[in-house]
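Following: one structure in structure tokens, then a few remarks.
Throughout, read-outs are computed from the coordinates displayed, never taken from laboratory work. Quantities reported herein were computed from a predicted structural model and do not represent experimental measurements. We place every Cβ from the backbone using ideal geometry, glycine too, and count neighbours over all the protein chains shown.
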Amino acid sequence: MSEGIVRQKTIMPVPASGPSSAPEPEVFEYLGFMLADEQYALPLTSIREILKPPPVTHVPRAPQDILGVVSVRGRVTTVVDLRRRLRMPEGAMTKFSRVLLVDDGREVVGVLVDAVLAVVRLGPQELELAANVGGDTAEYVRGIGRPGARGAGRSARSDGRWTLKDDILILLDPRALLRR
Amino acid sequence: MSTDDQDDDLDVRDEFLAESQEIVEALSRDLLVLDQMQKEGTPDPDLINEIFRGVHTLKGIAGMFGYHQVGAVAHALEDLLDDLRLGRVTLTQEVLDVLFEGVENFQRLLGDQAGVDLSQYAQSIERVSSPKEAPATGLESYDLDPGVLAVRTEYEEHRLRTNVEQGNPLYRLKVRFSLASIDTALEELKTRAKPVAEIITYLPSMGEIDRDSIDLDVLLASRAPEDELRELLVHDDSELMAVPRKGAEATSVASPAPVVPPPPPESHGPSVPVPAAVAHSIPPAVLDSKHDDASHGAASHDEAVDLLSLRSVANTVRVDIRKLDHLMNVVGELAIVRTAIGALSETLRAKPELRQLATELHRANRSFERNLAELQDGILDVRMVPLRQIFDKLARVVRQTAREHEKEIRLVVNGADTEVDKLIVEELSDPLMHIIRNSIDHGIEKPKVRELAGKAPEGTLALNAYQKGNNVLIEVEDDGAGINAEKIFEAAVRRGLVSKDARAELSQEDIFDFIFTAGFTTRSAITDLSGRGVGMDVVKTNISRLGGVVDVASESGIGTKFTITLPITLAIISALIVKVAGRRFALPLTAVEEALLLRREAIRTVEGRDVITLRGATLPLCRVDDLFELRAAAQSPDKSFVVVTALGNRRLGLIVDELHGQRDIVIKPLGKSLRDVRGFAGATDLGDQNVALVLDASSLLEEVLKRADSAPILEATT
């Protein structure tokens, strides 16, 4: 079963607020991922685990954007199809598809994404709050991250297929995303 | 303060809460017995002592843990109970009301520290506590040994007076005990005397000095004939004599033995407590406090009580139910591991050179499997608790509700030892309370009305519980007026639930079902208890959340019976695995009656619904694939099966493609995001990382059969 886990959460979570031992300005860690050719990110503190998609059991009568349920070491976990929730065109599962186990403080929910990119560290000057983000999925968006603005956080996956570009990341709000 | 300390604090607090809860529950039970005794006019002084001790212990531990309000209530009650046992206050229904209210207050306070206003309750206690005048007794007319009179405690004095007032003759029993066996011999004497006589006090008497034995001078009161007493109590080393009244000739009494001054507590042989380990199992008679009080008096019962509370930690452990849930999950995961090992040994077996190894692995795995099953049974067993816990609470509700409604009700409880999963018991208390209140308010008539109807003025409410297969059935039955189907129907029409013209189509059961509709009431006036229309629908929702159903049967003028059918446990259940449109579902066996091959030609259509006839009864059918829109209707397979699902008195045939046998499953709840999805009780890991949804039989029956019921009604309305 353990080969299904790409990576356990081993990176020290950096608190969104609160004292840090280092004197440097506050830095937030995000996990960047791909969804229909766009770069998104969720706060690293909300991610419990990254899984290769386990067999999914479809739940009749469930909302459209719920993919189904999976078993994570005996625990039944709901998986959300993030493309559907963000009202994007459907996409097929590929070998890069991953399920992020996201903890919004009330429940751990699986979120299906196209590919995982990297952990991005964003300083205050690289964050732009959601006020000027429009669109019909604005409720899920916390803001925009511009990792290029400081030159930090750029990294590439070793397989070379997906690389984080010096571009923008759409920062999602896990609570809003999982609220129903 | 470190986190560990906080955890410890929480643990200690939980411990306090659990222990207090136990004391309060025992208190509640004792009060109910006392209530019955009071009605019969024979309150047992020992029981009052028992209650007094319980409250005293509670006061002690509440003080220790800073629950000051609990301590204050306990303190006030302790005073009241002290007055009761010393006869300064007479036990009446009003006093019992105050005592019962005390139990409620304890529970409120233990549930939530803040926000309980006790000032009114303090006044209630004050009101019933006003001491009565000391009564004149004929005590002086007895020729009692002044030595005895000098050393008795206030409590003994009270018991002595009470017996004299009741005209019970007094006796003295001189008995010799061997020092080696005095503890058991004395208890034995008490047990023997208990049915016919009350031992008021006893003191060592100074007879011949003997190293190995001690003489006791026992004062007792009894209505039994002297001969009978002699027969019962007098043996080789003892002597019984009546205490003469003054003026009468002293007959058998020679010069009374001089009485030694009261010995210090340490040397008071008989009061040495029983060993700690048996504290929970000793009968109340042994816990009798009289001899504790005999020498040190009322002021120092603390010592005895402290001993009791120390002993109570003996040989039980309290466990948080979540820890058991966790263990159950681990067992579930071990079962998955076992399946994996099984598959591995099969793989090995395929290789000739590894055959030997495969066989050994297989054998080890079988042994693992057996132990695992035992472990699972063990954990399940720990989760089971007797229904007595809530039945006691309900008995209080019955008493209180009956008094508020000026109704006389006798509660009969059967099967309180029936065991159910702890979590189910927790969730049962509210629904049962609603049903009982409903029965008392709407069902059982006032005494005068009952007499006019030719019934006994006292109504009977029966609470029965018993196990039936994998289910537990709980019945609440009253001998009241019954449910008036016409009245229910009218109310349902008024609320627009049904068309007026539909009456003929509805059976009595269909009409009774309306009482479970949200907001339903037949009352025009709202009473304090029920009639607000909240309740019965909540009952139904709560019960079905537990995977159960509630049925009602009623006969006008004779009574009403609510029957709740529940699974015994939610933790692990046997389930039938079925396959529909390539997907596997689990159906709890508690709800499955049988499964059979569906013969297409047997299907008939009645009122637009498919049915078959099964052993003379019509069974409505439901296609699971249609219900869940799993595939286009045309793609149905050639062969299908019917799983006959039944709960309470409702039955439904579920049509599935394949049967995949029976297995034990651990139901995991669906997450919050799926809580609004109806029809599933949860999901389960089938061991190969594949999840199967568990069908919720009670909600499916409800949904499908309701649709069937409402169809003709809608036609009639339009």
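Taking every residue in B:581-588 and counting other chain Cβ atoms within 10 Å of its Cβ, the average works out to 1. Along its three principal directions, the equivalent ellipsoid of region B:592-680 from the Cα gyration tensor extends over semi-axes of 24, 17, 15 Å, largest first.
For the pair B:ASP79 and B:ASN414, a Förster radius of 41 Å applied to the C-beta separation gives a FRET efficiency near 0.60, rounded to the nearest 0.05.
Pairs B:LYS468/B:LYS639; B:LYS455/B:LYS561; B:LYS351/B:LYS579; B:LYS540/B:LYS668: which are spaced more than 27 Å apart, C-alpha to C-alpha? Before the final figure, lay out the partial values.
Details: B:LYS468/B:LYS639 33 Å; B:LYS455/B:LYS561 18 Å; B:LYS351/B:LYS579 33 Å; B:LYS540/B:LYS668 22 Å.
The pairs that break the limit, which is 27 Å between Cα atoms, are B:LYS468/B:LYS639; B:LYS351/B:LYS579.
Across region B:316-451, C-alpha contacts under 8 Å between residues 6 or more apart give a mean separation that, scaled by the residue count, equals a relative contact order of 24 percent. The separation of region B:564-605 from region B:413-476, counted between C-alpha centres, amounts to 30 Å. Label point of A:HIS58 set 7 angstrom out along Cα-Cβ; within region B:596-640, amide nitrogens under 18 Å from it belong to B:623-637. Extension gain for the segment B:LYS639 to B:ASN690, taken as residue separation times 0.36 nm less the Cα-Cα distance, is 15.9 nm to one decimal. Each peptide in B:354-364, B:390-400, B:466-476 gets a packing score, the mean of other Cβ atoms within 10 Å over its residues, and the list from highest to lowest is B:390-400, B:466-476, B:354-364.
Placing unit charges on each Cβ (+1 for Lys and Arg, -1 for Asp and Glu) gives region A:71-112 a dipole about its Cα centre, and among A:VAL109, A:PRO89, A:THR77 the Cα reaching farthest toward its positive end belongs to A:PRO89. Using the average count of surrounding beta-carbon atoms within 10 Å as a protection proxy, the listed peptides B:67-77, B:163-173 rank, highest first, as B:67-77, B:163-173.
Viscosity 1.306 mPa s, temperature 10 °C: Stokes-Einstein D of region B:12-129 from its Kirkwood Cα radius, in µm² per second?
My calculation gives 112 µm²/s for D.
In this structure, B:LEU375 and B:GLU426 have a Cβ-Cβ separation that, at R0 = 22 Å, corresponds to a calculated FRET efficiency of about 0.35. Counting 0.36 nm for each residue step from B:GLU346 to B:ARG678 and taking away their Cα separation leaves a gain of 115.5 nm.
Report the net charge of residues surrounding B:LEU324, where surrounding means a beta-carbon distance below 11 angstrom and charges are Lys +1, Arg +1, Asp -1, Glu -1. Could you put the intermediate results ahead of the total?
Working: positive: B:ARG322, B:LYS323, B:ARG383, B:LYS422; negative: B:ASP320, B:ASP325, B:ASP381, B:ASP421.
Combined, the nearby Lys, Arg, Asp and Glu give 0.
In this label model, B:SER213 and B:ARG127 are separated by 5.8 nm, measuring between points 7 Å along each Cα→Cβ vector.
Rank by packing, highest mean first: peptides B:666-673, B:597-604, with packing defined as the count of other Cβ atoms within 10 Å averaged across residues. Provide the component values of the computation, followed by the final result.
On the way: B:666-673: 20.1, B:597-604: 11.5.
By packing density, highest mean first, the sequence is B:666-673, B:597-604.
Taking all Cα pairs closer than 8 Å and separated by 6 or more residues, the relative contact order of region B:572-717 comes to 28 percent. The mean number of partner chain beta-carbon atoms within 10 angstrom of a residue's beta-carbon across peptide A:53-65 is 5. Simple spin-label estimate for B:GLN400 and B:GLN120 gives 1.2 nm between the two label positions (7 Å along the Cα-to-Cβ direction from each Cα).
For region B:387-567, just say rounded, prolate or oblate: build the C-alpha gyration tensor, square-root its eigenvalues into a ≥ b ≥ c, call rounded for a/c under 1.5, and beyond that prolate if a/b exceeds b/c, oblate if not. Oblate shape, in that a/c is at least 1.5 and b/c is the bigger or equal ratio.
Just tell me how shielded A:75-86 is by partners: mean number of partner chain Cβ atoms within 10 Å of each residue's Cβ, no decimals.
On the way: counts 6, 14, 5, 6, 2, 1, 0, 0, 0, 0, 0, 0.
Mean shielding by partner chains, rounded to a whole number: 3.
Length available on full extension from B:ARG366 to B:ASP664: 0.36 nm per residue minus the Cα-Cα distance, which gives 105.6 nm. Calculated FRET efficiency, B:GLU593 to B:GLU486, Cβ-Cβ distance, R0 = 41 Å: about 0.75 to the nearest 0.05.
Model label points for B:HIS326 and B:ASP14, set 7 angstrom from Cα along the Cα-to-Cβ axis, are 0.8 nm apart.
Region B:548-601 has equivalent-ellipsoid semi-axes of 33, 18, 8 Å, by the square roots of 5 times the alpha carbon gyration tensor eigenvalues, sorted largest first.
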